[in-house]
Amino acid sequence: MCRILLGQVPTLNVPESFSLITLGMTSQTIPTGEFISFNERETFELGSRIGEGLSGGEILLLNGPLGAGKTVLVKGIAHSLGLDEEDVTSPSFTLVNPHQGRLLLYHIDLYRLDEGATAAHAVDLDEIIIDETAVVIVEWGDRLGRYPLPGNVWRLGIAGDGDEPRKISVSGTDFSL
């Protein structure tokens, strides 16, 4: 597959086997756009690149089907925050896993919860998001529905399952949902 770059972005070191469909960069150097990952290692590496650009106060809403690689992406982000990725597991049953590294990381999973305010209240999201020095990652973030969030919200989506490549999209906003 060919590698397509829109503009020169010297700060992003993407593995050669990545297919970069579109790329943008924010002032925080978080890669944005659509990426193709051919294996778990590449998904982890993209997560690591995202993690390098985090400075605290970010909320990442992560969506994708079961088995798409959401937790692998989170492990890459955690690695860049100075955490042992082996300590990062899906919080499907605990709902919230806090990890202290370079920044405090709250890893939240809403898969088993109802949508909207019910999901947010079940994990005490209002208390978590007031910590502007922490990074909050919400797997199954679409279950929040139109729940109001502060600025600095990022949407990450993963499409694909089984052995097929993953299409990963990353977009950011500077406004509340």
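With the highest mean first, a sort of the peptides 122-132, 35-45 on other beta-carbon atoms found within 10 angstrom per residue produces 35-45, 122-132. Packing, taken as the mean count of other beta carbons within 10 Å per residue, orders the peptides 82-89, 100-107 from highest to lowest as 100-107, 82-89. For residue 115, neighbours were defined as the other residues whose beta-carbon sits under 10 Å from its Cβ, and their charges (Lys and Arg +1, Asp and Glu -1) total 0.
In square nanometres and to one decimal, what's the mean projected area of the convex hull around the Cα atoms of the stretch 19-173? Walk me through the numbers on the way to the answer.
Values: hull surface 32.4 nm².
For the stretch 19-173, averaging the hull's shadow over all directions gives 8.1 nm².
If a spin label sat at a point 7 angstrom from the Cα of residue 112 along the line to its beta carbon, the backbone N atoms of the stretch 138-177 nearer than 20 Å would be those of 138-145.
Since every read-out is calculated from the coordinates, none of them should be taken as a lab result. Everything quoted here is computed from the prediction, not taken from an experiment. Because the Cβ atoms are built from the backbone with ideal geometry, glycine has one as well, and the counts that use them run over all protein chains shown.
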